[in-house]
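The values are calculated or read from the model by the stated rules, or taken from the named source; none is laboratory data. Note that this is a predicted model, so its numbers are computed, not measured. With ideal geometry, Cβ positions are generated from the backbone for all residues, glycine too; neighbour counts draw on all protein chains shown. Surface areas here come from the heavy atoms of the whole protein model, side chains and all, with no ligands, DNA or RNA. Shrake-Rupley method; radii C 1.70, N 1.55, O 1.52, S 1.80 Å.
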Amino acid sequence: MALLTGDDYRKSLNDGREVYIDGERVHDIANHPAFKPIIDAKARMYDMNHEAQYKDKLTTKLSDGTEICRAFKLPKTKDDLKGIRTYVDTVLDELGGVVYRVGDETIGEMWSLYDAQDRLNEIDPTYAQNIKHHVDRVAREDLFHVSANTDPKGDRSKLINGEDGGTLLHIVAENDKGIVVRGAKFETAAAYAHQAFVKPTISNWSNSSVNMENYAVGFICDMGSPGLKHICRSPVGAGKDPVNYPLSSKFEEIDTLLIFDDVLIPWENVLFHRNLESAKYIRATVHRYSSYNYVLRILRRADYLIGAALLNVEQTGLTKLPAVQDKLSQLINYRETINAHLTAAVSEAQVSPGGLMMPNQSLLYTGRVHALKHFPEMAHLARELVGGQLAVTPDMETMKDPQIKQYIDRFYSVGEWSSEERAKLLYFARDLLNSSLAGHQITFELFAQSPPFAQHAAVFNNYDLSPNREMVMKAANLSSQLALQS
């Protein structure tokens, strides 16, 4: 197999998939205004893999010499994890913005199931063979792979208690070709991806007193499968002028409600089915690798907050004010704390049950919580530093109107900053902080890897509390018998 080009990727989307948006069925997704900007961004990523200036950073080779995208190489060493970070940073540098669902951050969810291969072998050796095959296939065929986790919610009290599958996706039949599934999932980028790893949502998978087996299913689904319908939300960035909206016009990722209308999943694509243990395992480990790439993107967003705020205070001569330095320091502290968690997660990486190099789970998950919890607060600080002109500056067409340009130049030019350059910076800051896309991204980030309570549960479940307990018991001279009761 060969690395895809951008054109290869665009052509591959013409597979007859059913995509609906704004009351119409889309027949040419690569050129539809709602999808074209983000498809172009992904196509650029594919093309970068072929360019000499990026090749060393973005590609690598399998043991048999096959060239693959570096993001898809199973991490066996700390250098592999560092290589993933270099990959993400290089791509985002070239794109000039942040994109989340582009494949590298979701392949890690399959690596989590790869770590369970010994147990999968005990349940059914076919499962372990299938996951190994698909991990390898994504790399060799250079597939745009996404992850379908979230279900439309029914009665959530029953869902969390495991009393009722509600609207969860489930198996309705089996035959010699595979399983037939019915239900729905939400997934960003599904409409323009090649395939998705579909898996159970959050529920009480330990409750064996209810019949949840039909809902405990995980599989790979081709996004052009018969019976699969993509119902997409309206875009907030389509048709936006790139000058006035430099982020919204290029990097909006479209979210999709995937309807599985009795979709056949071939047996070779089934990773587990009717197995509560597997469902419980994947829900507990699904982000053990993917959080690394995800938090790297939050770090880039933090960098943009600092840069937008800094340039705005520099142009107005406020950088030396202690109050301004204090706010910039808070932004720096936020950024560097995220960076410290990511760096330490690699430095203290652990060998996984499947023999992979796994980022230190406690450090990675606490870094994720910190990054997501404080981003709105840091965005507010950046707004303060950018100032009120963020909300009142007219668009570039008005700024350039010959009838009023003399006034614009007079009141918007500052030192070496022309009115046009100053406006472009304000437009970037507005798109980063105040636009519809900015609001959408904050909500997306809050839930994209699981809701906040589940993220905190991941921190609790991956931090070893025993040293803290033993330290205090020793210092307080407590009876060792108390430890048996804890």
Enumerate by residue number the trypsin sites (Lys or Arg not before Pro) in the range 279-338 meeting two conditions: DSSP loop (anything except H, G, I, E, B), and at most 14 other Cβ atoms within 10 Å of the site's Cβ. K320
Of all accessible heavy-atom area on the range 4-282, the percent that carbon and sulfur account for (1.4 Å): 47
The extension gain from V392 to T126, computed as 0.36 nm times the residue separation minus the Cα-Cα distance, is 89.7 nm
Which labelled figure in (1) 43, 32, 17; (2) 43, 23, 20; (3) 39, 30, 22 is semi-axes √(5λ) of the Cα gyration tensor in Å, once derived from the coordinates: (3)
Surface accessible to a 1.4 Å probe, per residue, for the residues of the chain, Å²: 44
Between K400 and D89, how many nm apart are label points set 7 Å from Cα along the C-beta direction? 3.6
Counting other Cβ atoms within 10 Å of each Cβ, which trypsin sites (Lys or Arg not before Pro) in the range 191-279 have at most 13 and sit in a DSSP loop? none
Let me check I've understood the local charge: for A457, count other residues with C-beta under 14 angstrom from its C-beta, Lys and Arg +1, Asp and Glu -1. What total comes out? +4
With every protein chain in place, the range 284-463: carbon and sulfur % of accessible area (1.4 Å): 57
Taking the Cα centre of the chain as origin, work out the dipole magnitude from +1 charges on Lys and Arg Cβ and -1 charges on Asp and Glu Cβ, in debye rounded to 20. 900
Once the dipole of the chain is set up with Lys and Arg at +1 and Asp and Glu at -1 on Cβ about the Cα centre, which of L92, A475, L311 lies farthest towards its positive end? A475
Formal net charge of residues neighbouring E18 (Cβ-Cβ distance under 14 Å; K, R +1; D, E -1): -3
Over the heavy atoms of E336, what accessible area does a 1.4 Å probe trace out, to the nearest 10 Å²? 90
With all protein chains present, calculate the accessible area of I332 using a 1.4 Å probe and round the result to the nearest 10 Å². 80
Helix-only estimate, please: 222 nm mean residue ellipticity of the chain, summing -39500 (n - 2.57) across DSSP H runs of length 4 or more and dividing by its residues, to the nearest 500. -15500 deg cm²/dmol
Pairs K57/K424; K250/K424; K57/K82; K185/K280; K36/K61: which exceed 20 Å Cα-Cα? K57/K424; K36/K61
Can you tell me how the range 6-84 classifies by the Cα gyration tensor, rounded, prolate or oblate, using a/c under 1.5 as the rounded cut? prolate
Would you rank H27, H287, H50 by solvent-accessible area, highest first, keeping every protein chain in place and using a 1.4 Å probe? H27, H50, H287
Where in the range 413-436 is the amide nitrogen less than 14 Å from a point lying 7 Å along the Cα-to-Cβ axis of V236? 430-436
Take peptides 386-397, 470-481 and line them up by average Cβ neighbours within 10 Å, highest first, as a rough protection proxy. 386-397, 470-481
Tensor-based shape of the range 4-282 (alpha-carbon gyration tensor, a/c under 1.5 rounded, otherwise prolate or oblate): oblate
With charges only on Cβ, +1 for K and R and -1 for D and E, what is the dipole size of the range 233-334 about its Cα centre, in debye, rounded to 20? 380
Can you tell me the dipole magnitude for the range 277-427 around its Cα centre, using point charges on the Cβ only (Lys, Arg +1; Asp, Glu -1), in Debye to the nearest 20? 500
Could you tell me which of P200, L247, Q361 has its Cα farthest along the dipole of the chain towards the positive end, charges placed at Cβ (Lys, Arg +1; Asp, Glu -1), taken about the Cα centre? Q361
Here the net charge surrounding K199, from other residues whose Cβ is less than 12 Å away from its Cβ (Lys, Arg +1; Asp, Glu -1), is 0
For L58, L276, write out the residues from largest to smallest accessible area, computed with a 1.4 angstrom probe and no ligands counted. L276, L58
Just subtract the alpha-carbon distance of R119 and E470 from 0.36 nm times their residue separation and send over the number in nm, one decimal. 123.1 nm
By how many nm would the segment from E384 to Q53 grow when fully extended, if each residue of separation counts as 0.36 nm and the alpha-carbon distance is taken off? 115.3 nm
Let me know the shape class of the range 166-273, please: from the alpha-carbon gyration tensor, a ≥ b ≥ c as square roots of the eigenvalues, rounded when a/c is under 1.5, otherwise prolate if a/b is greater than b/c, or oblate. prolate
Picking from T337, V217, T285, whose Cα lies most toward the positive end of the charge dipole for the chain (charges on Cβ: Lys, Arg +1; Asp, Glu -1)? T337
